[in-house]
1. What number of residues within the stretch 125-160 satisfy the criterion of being polar (S, T, N, Q) and open to solvent by less than 100 Å² (accessible area, probe 1.4 Å)?
2. Please specify each residue of the stretch 117-170 satisfying the condition of being outside any helix (DSSP H, G or I) and basic (Lys, Arg).
Amino acid sequence: MSTERPEFQPIDIAPARRTWPWAVVGAALVVALIWFTRRPPTPVETKPATLASVVPSLDVKAALPIAEPAKAAPAPAAKAPEGPNVLGSAMAAAKSAAMVAKAELDRELQRTKSAQAQAASYKKQIDDLQKQLGAARAQIAAMQTVQKPPPPSDQEQILQTLAPVLRAGNNGGQP
């Protein structure tokens, strides 16, 4: 089957893609990234530092002398990091946060394992109690069969069956 149109469009006929908008967006992102990394850090307020340095105490008089010197001098921990190793300090902070999260995860995993072990011990204890209950039921059934009177003989069964008829016949003749 022949067709007059080619199966695929030639490359020359395909419309040209415009790449200049993408170049402008990329350049804007690079400029924004450089601006954020080169801009000076904002000064840190001293109020959060003073509240962090206050020791929790029930005695108000003992807490006041600790808070007053902190107002006079800003805490060195609140100071912004200086030098080119900004990423290193951020990585150290992230690493310490990850260590805290890992410790909490390990604690929860240990708690889960201990709960599972306790549940397994409870299941074992329940199985043992079920076995003891079965044995006790078997002993009760054996004692009940021993204490049961022997079955009546054939003559006794016949007399028990005819007893109501004989009583009705004897009582019916007397006034």
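The values are calculated or read from the model by the stated rules, or taken from the named source; none is laboratory data. None of the values given here were measured: they were computed from a predicted structure. Just so you know, the surface numbers come from the protein's heavy atoms only, side chains and all, with ligands and any DNA or RNA stripped out. Shrake-Rupley method; radii C 1.70, N 1.55, O 1.52, S 1.80 Å.
1. Residues of the stretch 125-160 that are polar (S, T, N, Q), as a first pass: 125, 130, 132, 139, 144-145, 147, 153, 155, 157, 160.
Next, from what is left, pick out any that are open to solvent by less than 100 Å² (accessible area, probe 1.4 Å): 145, 153, 157.
Counting residues in the stretch 125-160 that are polar (S, T, N, Q) and open to solvent by less than 100 Å² (accessible area, probe 1.4 Å) gives 3.
2. LYS148, the sole residue that qualifies.
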